[in-house]
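Everything below concerns the one structure shown next.
The values are calculated or read from the model by the stated rules, or taken from the named source; none is laboratory data. Remember, it's a predicted structure, so these values are computed and weren't measured experimentally. No Cβ is skipped: glycine too gets one built from the backbone with ideal geometry, and neighbour counts run over all protein chains shown.
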Amino acid sequence: MKRKRVIKIKISWIKAENDNKNFKIPEKLGFEVIQIDNRENIDNQLAELINKKYDTIVITNEIAGFSEDIIKKYSKNKKIKIIINN
């Protein structure tokens, strides 16, 4: 009997509140797309998602520029994938 391997991921998308062009498809499919009104709060939002066991986070390039933790804390963590979308 073959064993089936199931891979579970928790994914979230983060964009600026006034961004109307990024992540339209995930929003329409019902995925969690977080809209940040204050770009300075990106590091707090990342920490919150990681505490909730999210392992894949996609953020816009605009928002990524405001984060210090992407490089300092998460770049070497193999359990967390942060993807920066152009």
How many residues are over 19 Å from F66 (Cβ atoms), at pLDDT 90 or above and either in contact with a helix residue (DSSP H, G or I) (Cβ under 9 Å, 6 or more places away or on another chain) or assigned to a loop (DSSP other than H, G, I, E, B) (or both) if we restrict to the stretch 21-36?
2
Looking across the stretch 52-82 at residues that are touching a residue at least 40 places away in the same chain (Cβ under 8 Å) and surrounded by fewer than 14 Cβ atoms within 10 Å (Cβ to Cβ), the single one that is farthest from K8 (Cα to Cα) is K52
Which of the following residues is surrounded by 15 or more Cβ atoms within 10 Å (Cβ to Cβ) and not basic (K, R): L29, L46?
L46
State which residue is surrounded by the most Cβ atoms within 10 Å (Cβ to Cβ) when the search covers only the stretch 8-24 and only residues that are under 18 Å from N86 (Cα atoms) and touching a Phe, Trp or Tyr at 6+ places or on another chain (Cβ under 9 Å).
I14
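Let's see how each residue does on (1) touching a strand residue (DSSP E or B) at 6+ places or on another chain (Cβ under 9 Å); (2) modelled with pLDDT under 90:
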site: K8; (1), (2): no, yes
site: W13; (1), (2): yes, no
site: A16; (1), (2): yes, no
site: N38; (1), (2): no, no
site: N51; (1), (2): no, no
site: T60; (1), (2): yes, no
site: I63; (1), (2): yes, no
site: I83; (1), (2): yes, no
site: N86; (1), (2): yes, yes
Can you tell me which residues in the stretch 13-35 are more than 14 Å from I63 (Cα to Cα) and either of a type in the set (G, A, S) or touching a Ser or Thr at 6+ places or on another chain (Cβ under 8 Å) (or both)?
G30, F31, E32
Flagged in the stretch 38-61 as of a type outside the set (A, V, I, L, M) and not in a helix (DSSP H, G or I), in numbering order, are N38, K52, K53, Y54, D55, T56, T60
Which of (1) exposed (fewer than 13 other Cβ atoms within 10 Å of the Cβ); (2) among the polar types (S, T, N, Q); (3) under 12 Å from the mean Cα position of the chain (by Cα) does N38 not meet, given it meets every other one?
(3)
